[in-house]
Amino acid sequence: MATVLDSKVPSGPLGEKWEKHKFESKLVNPANRRKFSVIVVGTGLAGASAAASLGDMGYKVKAFCFQDSPRRAHSIAAQGGINAAKNYRNDGDSVYRLFYDTIKGGDYRAREANVHRLAQVSVNIIDQCVAQGVPFAREYGGLLDNRSFGGAQVSRTFYARGQTGQQLLLGAYSALARQIHLKNVDMHTRTEMLDLVVIDGRARGIITRNLVTGAVERHVADAVLLCTGGYGNVFFLSTNAQGCNVTATWRAHRRGAFMANPCYTQIHPTCIPVHGEDQSKLTLMSESLRNDGRVWVPKAKGDKRRAEDIPEAERDYFLERKYPAFGNLVPRDIASRNAKEVCDEGRGVGEGQAVYLDFAASIQRVGENVIRDRYGNLFDMYAKITAENPYKTPMKIYPAVHYTMGGLWVDYNLQSTIPGLFVLGEANFSDHGANRLGASALMQGLADGYFVIPYTLGNYLGGTKLDPVSADAPEFAAVENEVTECVNKLLSVKGNKTPLAFHKELGKIMWNDCGMARDKAGLESALKRIPELREEFWNNINVSGEAGEFNQQLERAGRVADFLEFGELFAKDALIREESCGGHFRSEHQTEEGEAKRDDDNFAHVAAYEWTGKNGEQIRNVEQLVFENVKLTQRSYK
């Protein structure tokens with residue numbers, strides 16, 4: 001039986017909801033906060049900012065990451081910038097415009113109230129980060145600089161050259177490190193969450209595995225925050241770090257947290273193309289490059305001349321041609337589909353699966369030194385990987401999996417369907433609809449951690465009677481036994497294929513049948529092949545080593561096992577959603593011009609799946625999206 005989902009969006013005008021909600025939320029007296037314990041899983045931007053903020057407020061915080069330091073969280077890989085509605089350029093930006101651009105960019109598949117709150121607190125994020133010493137780029141006069149990103153006609157993106165994520169994470173880490181030093185945060189590195197413990201219907205702790213010693217441990221808390229990122233590595237090849245996985249959120253899903261819109265995946269248009277079968281990940285080239293780089297392919301099919309030998313008249317700047325109002329800065333889903341389209345026509349460059357990103361005109365206009373100042377580290381990275389000089393010859397780029405808009409369902413308080421389990425950043429579904437605009441991931445992670453969860457967690461703890469719980473409780477023992485049994489099962493099969501081999505095979509199924517373009521036949525094929533691959537996995541996996549030691553094969557095996565379950569739900573969601581919206585492009589549902597064609601009558605909702613435990617069966621619950629402030633229209637960037 002389907003569940004009615006209550007988003008808990010406060011009443012009142014859109015611009016007043018968040019302030020009203022903060023005032024009406026219950027508070028925890030500063031002297032009482034030390035009585036409450038909070039677990040934060042993941043220490044990227046969302047997790048580090050949340051742990052630092054809550055520790056500073058006086059809560060007893062335990063933070064967990066599987067890296068050897070919070071500084072190695074994948075947030076560090078973000079390049080181009082972070083959005084904020086500061087309107088420093090005086091070019092017409094505002095909180096409402098950022099809200100509208102985000103709703104439209106997500107193809108009208110996000111909750112209005114959450115998105116407007118994100119736009120509101122964006123202005124505070126920049127002040128917070130500047131105070132921490134984040135070295136944002138500045139203009140000659142010393143003021144913070146801005147540049148443009150896709151899906152917007154204003155310059156609202158703050159940046160630190162091509163390493164914005166790294167600088168923001170160092171800022172959040174400095175705040176976290178201070179709380180660790182003050183013993184307000186107990187930091188557990190090289191530790192992976194393997195399950196959630198639910199007692200009396202509430203999240204009360206987690207089971208972890210020490211990745212160095214193999215020890216399985218119990219951790220108790222009054223609330224659990226999951227800040228564990230997205231599931232892009234279900235495709236194997238993505239711009240995500242190899243360690244990124246779905247395990248924490250999937251195990252929580254199996255305990256009762258609904259998984260929302262799993263088929264919403266972002267394909268980033270500017271990545272270095274695949275160059276071999278043994279490649280382990282793909283490399284992002286920041287969207288910011290499209291400020292000065294022009295995307296083009298030859299007009300003629302099969303033209304194999306060098307880029308510099310193709311005259312201007314024989315080049316097709318296809319994004320500028322098709323979308324004159326936004327040009328090369330259309331949203332990512334549109335840029336990616338158009339790149340695939342011209343390559344499918346036989347006009348791709350290099351090995352045929354790439355388009356050019358050309359900086360010649362910008363270098364001629366402003367000079368190589370200016371371009372070097374703006375993007376030097378990105379150009380150096382490209383040169384080291386490809387052995388080509390992007391100052392002299394155009395970059396070759398092609399779309400790749402980058403971000404996931406789906407995730408655990410949360411209400412306005414960022415609380416999942418399990419009371420006491422909160423989900424922040426990319427791990428939740430809430431803010432980006434079917435397509436995230438560039439430079440908005442960093443904004444959401446820091447908004448959730450610094451400015452939302454301190455209020456909403458306090459509201460939960462201040463209004464909930466929580467009985468004392470011990471790690472010796474039978475519920476903890478039962479979940480720990482399940483974790484141990486799963487680990488032992490993975491080690492006991494002694495088959496012939498490695499976890500890596502299974503992961504690659506799953507990735508090919510996902511990319512071929514659930515990638516940039518999807519159709520009924522491909523999705524039905526995926527739904528047939530994934531369960532078969534999962535059955536083979538449990539009968540033929542070979543995990544070397546032992547449980548009680550450092551064992552990276554065992555780590556990957558557990559994560560791949562979860563991907564094999566999650567991938568089936570992903571394909572099922574994509575098959576059921578008989579429309580195209582944002583990054584979910586069903587080839588059967590497109591306009592005459594090849595754009596995504598939504599079905600607002602039947603699919604203007606969030607699909608939130610409930611685990612049943614019966615051979616992958618899920619109950620599909622629905623949260624209807626209500627649009628009171630924006631009008632549902634066909635997206636146009638022309």
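The values are calculated or read from the model by the stated rules, or taken from the named source; none is laboratory data. These numbers come from a predicted model, not from an experiment. With ideal geometry, Cβ positions are generated from the backbone for all residues, glycine too; neighbour counts draw on all protein chains shown. When the accessible area is computed, the model is the full protein with side chains, heavy atoms only, and any ligands, DNA or RNA have been set aside. Shrake-Rupley method; radii C 1.70, N 1.55, O 1.52, S 1.80 Å.
Which of the residues belonging to the range 222-248 are of a type in the set (G, A, S) and under 15 Å from A557 (Cα atoms)?
Across the range 222-248, the qualifying residues are G243, A248.
Identify, from the list D573, D599, the residue that is open to solvent by less than 60 Å² (accessible area, probe 1.4 Å), in contact with a strand residue (DSSP E or B) (Cβ under 9 Å, 6 or more places away or on another chain), touching a residue at least 12 places away in the same chain (Cβ under 8 Å) and over 30 Å from V483 (Cα atoms).
Details: D573 fails: over 30 Å from V483 (Cα atoms).
Result of the check over D573, D599: D599.
Given the structure, is V28 under 30 Å from T612 (Cα atoms) and either among the aliphatic types (A, V, I, L, M) or at pLDDT below 95 (or both)?
On the way: under 30 Å from T612 (Cα atoms): no; either among the aliphatic types (A, V, I, L, M) or at pLDDT below 95 (or both): yes.
Answer is no for this residue.
Checking L226 against (1) closer than 14 Å to T484 by Cα; (2) open to solvent by less than 10 Å² (accessible area, probe 1.4 Å), which single condition isn't satisfied?
Unmet condition: (1).
Do you know which residues across the range 26-80 are outside any helix (DSSP H, G or I) and free of Cβ contacts under 8 Å to residues at least 40 places away in the same chain? Lay out the reasoning, then the answer.
Quick first cut of the range 26-80, residues outside any helix (DSSP H, G or I) only: 26-29, 34-44, 58-69, 73, 78-80.
Hits for the range 26-80 are N29, R34, K35.
Is there a residue in the range 268-289 that is under 20 Å from the mean Cα position of the chain (by Cα), in contact (Cβ under 8 Å) with a residue 24 or more places away in the chain and part of a helix (DSSP H, G or I)?
Step one: filter the range 268-289 for residues under 20 Å from the mean Cα position of the chain (by Cα), giving 268-272, 280-288.
Checking the rest, the ones that are also in contact (Cβ under 8 Å) with a residue 24 or more places away in the chain come to 268-272, 280-288.
Keeping just the survivors that are part of a helix (DSSP H, G or I) gives 287-288.
Yes - at least one qualifying residue is present in the range 268-289.
Looking at the structure I just gave you, is N369 out of contact with any helix residue (DSSP H, G or I) (no Cβ under 7 Å at 6 or more places or on another chain), modelled with pLDDT under 95 and among the polar types (S, T, N, Q)?
no
Out of the range 274-292, which residues are of a type outside the set (V, I, T) and touching a Ser or Thr at 6+ places or on another chain (Cβ under 9 Å)? Step through it out loud before you land on a result.
Here is the first cut: in the range 274-292, the ones of a type outside the set (V, I, T) are 275-282, 284-292.
If the condition is that a residue be of a type outside the set (V, I, T) and touching a Ser or Thr at 6+ places or on another chain (Cβ under 9 Å), then H275, K281, L282, L284, M285, S286, E287, S288, L289, R290, N291, D292 are the ones that fit.
Restricted to the range 90-113, and to residues that are in a helix (DSSP H, G or I) and of a type in the set (F, W, Y), which residue is surrounded by the most Cβ atoms within 10 Å (Cβ to Cβ)?
F99
Going by the structure shown, is E480 acidic (D, E), closer than 19 Å to G256 by Cβ and either surrounded by 23 or more Cβ atoms within 10 Å (Cβ to Cβ) or in contact (Cβ under 8 Å) with a residue 40 or more places away in the chain (or both)? Full working, then the answer.
Values: acidic (D, E): yes; closer than 19 Å to G256 by Cβ: yes; either surrounded by 23 or more Cβ atoms within 10 Å (Cβ to Cβ) or in contact (Cβ under 8 Å) with a residue 40 or more places away in the chain (or both): yes.
Considered against the rule, which asks whether it is acidic (D, E), closer than 19 Å to G256 by Cβ and either surrounded by 23 or more Cβ atoms within 10 Å (Cβ to Cβ) or in contact (Cβ under 8 Å) with a residue 40 or more places away in the chain (or both), E480 comes out as yes.
On the given criteria, is E592 within 22 Å of R337 (Cα to Cα), surrounded by fewer than 19 Cβ atoms within 10 Å (Cβ to Cβ) and of a type outside the set (S, T, Y)?
Considered against the rule, which asks whether it is within 22 Å of R337 (Cα to Cα), surrounded by fewer than 19 Cβ atoms within 10 Å (Cβ to Cβ) and of a type outside the set (S, T, Y), E592 comes out as yes.
Output the number of the condition that T157 fails; it satisfies all remaining conditions of (1) of a type in the set (S, T, N, Q); (2) within 25 Å of R294 (Cα to Cα); (3) surrounded by fewer than 24 Cβ atoms within 10 Å (Cβ to Cβ).
(3)
Looking at the range 160-188, which of the residues that are polar (S, T, N, Q) and under 22 Å from the mean Cα position of the chain (by Cα) is surrounded by the most Cβ atoms within 10 Å (Cβ to Cβ)? If you could, list the steps in order and put the result at the bottom.
Step one: list which residues in the range 160-188 are polar (S, T, N, Q), which gives 163-164, 166-167, 174, 179, 184.
Now restrict to residues that are under 22 Å from the mean Cα position of the chain (by Cα): 163-164, 166-167.
Numbers: Q163: 20, T164: 27, Q166: 19, Q167: 20.
Out of the qualifying residues, it is T164.
Pick out the one residue from F451, F429 that is of a type outside the set (D, E), more than 22 Å from W250 (Cα to Cα) and either in contact (Cβ under 8 Å) with a residue 60 or more places away in the chain or open to solvent by 10 Å² or more (accessible area, probe 1.4 Å) (or both).
On the way: F429 fails: more than 22 Å from W250 (Cα to Cα).
Exactly one of F451, F429 is of a type outside the set (D, E), more than 22 Å from W250 (Cα to Cα) and either in contact (Cβ under 8 Å) with a residue 60 or more places away in the chain or open to solvent by 10 Å² or more (accessible area, probe 1.4 Å) (or both), namely F451.
Which of the following residues is touching a Pro at 6+ places or on another chain (Cβ under 8 Å), among the charged types (D, E, K, R) and in contact (Cβ under 8 Å) with a residue 12 or more places away in the chain: R556, R518? Working first, answer last.
Numbers: R518 fails: touching a Pro at 6+ places or on another chain (Cβ under 8 Å).
Sole residue among the options that is touching a Pro at 6+ places or on another chain (Cβ under 8 Å), among the charged types (D, E, K, R) and in contact (Cβ under 8 Å) with a residue 12 or more places away in the chain: R556.
Quick test for you: out of K489, K392, K396, K465, pick the one residue that is more than 22 Å from the chain's Cα centre (by Cα), surrounded by fewer than 24 Cβ atoms within 10 Å (Cβ to Cβ) and assigned to a strand (DSSP E or B). Let's see the steps before the verdict.
Values: K489 fails: assigned to a strand (DSSP E or B); K392 fails: assigned to a strand (DSSP E or B); K465 fails: assigned to a strand (DSSP E or B).
Answer to the check: K396.
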